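Encoded as structure tokens, the structure appears first; notes follow it.
Values quoted throughout were computed directly from the atomic coordinates according to the rules given, and no laboratory measurement underlies them. Being a predicted model, the structure only gives us computed values, none of them experimental. Every residue, glycine among them, receives a Cβ derived from its backbone with ideal geometry; neighbour counts consider all protein chains shown.
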Amino acid sequence: MKIVLAYSGGLDTSVIVKWLKETYDAEIVTFAADIGQEEELKGLPQKARKTGASKHYTLDLVEEFAGDFIYPMIRANAIYESQYYLGTSIARPLIAKAQVEIARKEKADTVSHGATGKGNDQCRFELTYMALAPDLAIIAPWKLEQFREVFPGRAEMIAYCAKHKIPVEASLKKPYSMDRNLLHISYEAGILEDPWFDPTTKENKAMFKLSVSPEDAPDKAEYVELDFEKGNCVAVNGKKLTPGQVLKTLNKLGGKHGIGRVDLVENRFVGMKSRGVYETPGGTILMQGHRQVESLTLDREVLHMRDSLIPKYAELVYNGFWFAPERECLQAYVDKSQEFVTGTVRLKLYKGNIITCGRKSKYSLYDDKIASMEGVKSWYNQSDATGFIRLNGLRLRARHISQGGPRL
């Protein structure tokens, strides 16, 4: 038996490597995706082998993540439940895809992950496995009673790591879990399970890694200009950058000014509510900038139709259906809508706020002569509005005459 494990080096997968090897007498190949988590990747090959892996892969997927996963989602303006920028959700399909590719290369018959049976990641990993390689067996230790008997919670896992000298960042003092990538950092579980717990206080704010608190941000605002081509940000302050470089640059800028912190209670796919705390500095800036260029260049009905699809698109990403036909269909509409979303936006960053200070585009549908209230002549005739309103009010008048409503 040969198992390819999606491995982060965090608490869960550090324990799972050793447990899989001992339980299944299997060869374990670990795989970590470099999707922008930076220092979290240091020492992973050595740590994985020391824990029981026969081989370890670390693949640089940063640009693929930014260009083929984050950017399509930004073009759709996808935000789950109006708050969550889907940083973890969008990473899982890419990780699972690369994991399947390694399984094929290694001629493995099984894939495994460290997601719990209560969260969303189990769905995201396994739905991707099923979409891309339905013949592979799946082992999800957290859904096995024999695993949970030994490790009913994180305290036992932390003790296990201490016993076997496996270094992990989680501790009994700060037993929250964390997931980092190019788009964001998420924090959940442990002390954060109490929705009244405040992680922003002086005693707790050391948890945050990507951003300063708005109170500690500079007193001087900073401007940034973003250039977009067909819905994709291609330059920051006039400098051409790759998608990965754009996000790294905006993460640094946004983090400096306390941009992109979100604390919410969300509805998980499996049915429960869960509290999560997120830092998405670059993604938050990117999304607002994209919206502003769209405001100039998108036809009203195309914009409204696309916006009506955002909740469904975001739900599909959140639930793990990235490789589903319905998401691909929605993406086709989104990408068609972005044909003329080209232009520049100027934003001001100040103490957690993103303030729009200008936007321009050669494809702008904004006509200052038509919009002007100063009597400027244009091909818009105000007299036409009388008939326009009378026709739109026809059914309202008919309702009042025939049915007597609404009543005063």
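Quick check: net charge around His257, other residues with Cβ under 14 Å of its Cβ, Lys/Arg +1 and Asp/Glu -1? Mind dumping the intermediate values first?
Working: positive: Lys220, Lys252, Lys256, Arg261, Lys348, Lys351; negative: Glu215, Asp216, Asp219, Glu222, Glu279.
Summing Lys/Arg as +1 and Asp/Glu as -1 gives +1.
Along each principal axis of its Cα atoms, how long is the chain end to end? Whole angstroms, biggest number first, please.
82, 54, 46
Tally Lys/Arg at +1 and Asp/Glu at -1 over every other residue whose Cβ is under 9 Å from the Cβ of Gly117; what's the total?
Summing Lys and Arg as +1 and Asp and Glu as -1 gives +3.
Packing-wise, with mean Cβ within 10 Å as the measure, how do 131-143, 78-90, 194-206 rank, highest first?
For the peptides 131-143, 78-90, 194-206, the packing ranking is 78-90, 131-143, 194-206.
Between Leu144 and Ala332, what is the FRET efficiency for a Förster distance of 41 Å, r being their Cβ-Cβ separation, to the nearest 0.05?
Numbers: r = 39 Å, r/R0 = 0.96.
For R0 = 41 Å, the calculated efficiency reads 0.55.
How would you rank 230-236, 214-220, highest first, on the average number of other Cβ atoms within 10 Å across their residues?
Working: 230-236: 19.4, 214-220: 11.7.
So the order, starting with the most tightly packed, is 230-236, 214-220.
Based on the Kirkwood radius over alpha-carbon pairs, what value in µm²/s does the Stokes-Einstein equation return for the translational diffusion coefficient of region 1-160 at 37 °C and 0.692 mPa s? Spell out each step's value before the answer.
Numbers: Rh = 16.2 Å.
D = 202 µm²/s.
Considering only DSSP beta bridges where both residues belong to region 1-57, give the percentage that are antiparallel (nearest 5).
Numbers: 0 of 8 bridges.
Roughly 0 percent of the DSSP beta bridges within region 1-57 come out antiparallel.
Using alpha-carbon positions, what is the distance between the centroids of region 23-98 and region 268-297, in Å?
If you average the Cα positions of each part, the centres end up 20 Å apart.
For the peptides 273-284, 388-399, 16-27, what is the packing order when you average, over each peptide's residues, the other Cβ atoms within 10 Å and list the highest mean first? Walk me through the numbers before you get to the answer.
Working: 273-284: 22.8, 388-399: 9.8, 16-27: 18.4.
Descending packing order for the listed peptides: 273-284, 16-27, 388-399.
How much mean residue ellipticity at 222 nm does the chain get from its helices, if each DSSP H run of length 4 or more adds -39500 (n - 2.57) and you divide by all residues, to the nearest 500 deg cm²/dmol?
-12500 deg cm²/dmol
At a Förster radius of 41 Å, what calculated FRET efficiency corresponds to the Cβ-Cβ distance of Leu394 and Tyr223, to the nearest 0.05?
Working: r = 49 Å, r/R0 = 1.19.
In this case the efficiency is close to 0.25.
What net charge is computed for the residues neighbouring Val345, neighbours being all others with C-beta under 12 Å from the C-beta of Val345, Lys and Arg scored +1, Asp and Glu -1?
Details: positive: Arg291, Arg346, Lys348, Arg359, Lys360; negative: Glu225, Asp227, Glu294.
Its environment carries a net charge of +2.
Assuming R0 = 45 Å, what is the FRET efficiency of Lys240 and Gln403, from their Cβ-Cβ distance, to the nearest 0.05? Before the final figure, lay out the partial values.
Values: r = 61 Å, r/R0 = 1.36.
My answer for the efficiency is 0.15.
Treat every Asp and Glu Cβ in region 185-360 as -1 and every Lys and Arg Cβ as +1, leave all other atoms uncharged, and give the resulting dipole magnitude about the Cα centre to the nearest 20 debye. Intermediate values should be presented prior to the final figure.
Numbers: 25 positive and 24 negative charges, 115 e Å.
It comes to approximately 560 debye.
Using the Cα atoms as the points, what is the convex hull volume per residue of region 175-222 in Å³? List each step's numbers first, then the result.
Details: hull volume 4.7 nm³, N = 48.
Cα convex hull per residue, to the nearest whole number: 97 Å³.
Where does region 185-360 land on Rg(C-alpha)/(2.2 N^0.38 Å)? Walk me through the numbers before you get to the answer.
Working: Rg = 17.7 Å, N = 176, 2.2 N^0.38 = 15.7 Å.
That ratio works out to 1.13.
Taking Cα pairs under 8 Å and at least six residues apart, what relative contact order does the chain come out at, in percent?
This gives 17 percent for the chain.
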